[in-house]
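Trainee: Structure in structure tokens, see below.
The values are calculated or read from the model by the stated rules, or taken from the named source; none is laboratory data. Not measured: the values here are computed from a predicted model. We place every Cβ from the backbone using ideal geometry, glycine too, and count neighbours over all the protein chains shown. Just the protein is used for accessible areas: all its heavy atoms, side chains included, with ligands, DNA and RNA removed. Shrake-Rupley method; radii C 1.70, N 1.55, O 1.52, S 1.80 Å.
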Amino acid sequence: MCRPKPGPRCPSCQNRALASISGRLERLAATLNDTPPGPARVRMEARARDLARQVACRRADLYATAAFQREQSAELGDLLAVNPKDPKAAALAAQLLEGRILELRRREQARAMPPTPDDPAAHPYYRELGDARFDLAHAQLRMDMTRTTAEWQVWQKRHHDSAQRAALAAARMEAVAAGGTDGWTSLSREEQQRRRDLAAADPTLATPVAPRRWKDVVDEAQDVLDGHTPVREPLDASGYPPFGDAHTAGTQPAADTSSPPDSTPATEPAPASPTGRNTPEPRTVKAQAARRTRRRRSTATSFRSLRTGSRRLEAGARRADSEIDSSLPSSSAHPGVFDLTLLDYLIEKVK
């Protein structure tokens with residue numbers, strides 16, 4: 001059974017949701033074939049693109065479930081043991097990698113959730129906060145995976161909108177928890193804005209300013225799983241049109257103009273650096289780069305060892321499944337779980 005968002009999803013719910021949305025997309029695509037060019041077709045095409053994005057999100061939800069990871073890891077291990085060059089291995093590796101990155105993002109958002117408020121009047125806002133944080137995890141994954149600037153900007157806008165929703169929900173929840181049912185509505189618009197701005201300053205709600213290389217995303221995720229705190233080098237966003245110079249241009253999408261009538265749009269402070277993080281020391285960046293290089297060089301050896309260790313994969317995945325939601329599984333503690341860098345290697349090499 002699925003837990004309240006941003007909690008984990010269950011395979012049965014995700015399969016039903018995926019089948020439903022996929023069916024809607026297929027029916028719309030069939031109708032599009034018989035629709036002549038014009039405004040109606042343009043609207044239908046926009047709807048089809050939105051449904052396709054929902055399908056991608058539901059697929060990622062399914063890939064992230066513990067059962068899918070366990071079953072597909074075992075299947076991938078069997079494939080590699082029999083035929084390491086089987087083309088299906090790359091497809092399975094891509095699904096496993098996408099699911100594990102989403103699960104990492106989801107857990108990051110789950111850890112950022114405050115305790116459930118005691119006042120029942122604050123519970124609706126707590127659920128709104130959880131929903132918004134779950135959407136943040138999805139938007140981050142899609143930004144990381146997209147290959148076009150236009151699509152990246154779509155998800156950047158959605159990430160920013162979700163962050164605004166999260167900030168508003170958090171501010172309302174805290175006001176109600178402190179002042180009762182009318183704790184939010186009794187505040188002046190200026191005080192509501194101040195509380196939203198304070199909530200929006202949470203670094204877990206920061207929206208990225210420019211695309212990142214997928215390999216960097218994978219390396220950073222594996223660092224986290226290995227217990228390291230990743231750092232990022234300063235980013236010159238001028239190399240990512242149309243963003244411009246991140247030091248002088250705006251670093252966030254335009255504010256949402258569809259704010260609830262009882263508040264004004266939240267604003268987010270500009271990050272201290274183009275990445276939203278303090279500039280790391282050169283030696284820290286150098287040590288991290290060396291660690292990642294060693295890890296990538298070891299993937300060929302790991303790949304060979306997988307051929308004789310497929311049984312260990314399933315047992316390791318089961319142990320990872322038993323991890324509580326507040327702690328991330330460590331690949332060193334669970335040697336049977338596929339390393340993210342190795343999955344990325346398989347996607348590239350096993351074709």
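Trainee: Loop only by DSSP, 16 or fewer other Cβ within 10 Å of the Cβ. Give me the trypsin sites (Lys or Arg not before Pro) in the range 144-193 that pass, ordered by residue number.
Mentor: Passing both the DSSP loop test and the Cβ count: 147.
Trainee: Between residue 27 and residue 190, 0.36 nm times their residue separation minus their Cα-Cα distance comes to what?
Mentor: So the chain would gain 53.9 nm between residue 27 and residue 190.
Trainee: Students sometimes get this wrong: rank 214, 155 by accessible area, probe 1.4 Å, all chains present, largest first.
Mentor: So the residues, ranked largest to smallest area, are 214, 155.
Trainee: Additional query: Quick one: which of 5/88; 85/286; 88/215 span more than 26 angstrom between C-alpha atoms?
Mentor: Check vs 26 Å cut-off fails for 5/88; 85/286.
Trainee: Taking the Cα centroid of the range 1-21 and of the range 40-104, what is the distance between the two, rounded to the nearest whole Å?
Mentor: Answer, in whole Å: 14.
Trainee: Using Cα pairs closer than 8 Å and at least 6 residues apart in sequence, work out the relative contact order for the range 10-169, in percent.
Mentor: Relative contact order for the range 10-169 comes out at 18 percent.
Trainee: Next up: Given an 8 Å cut-off on Cα distances and at least 6 residues of separation, report the relative contact order of the range 128-167 as a percent.
Mentor: For the range 128-167, the relative contact order is 60 percent.
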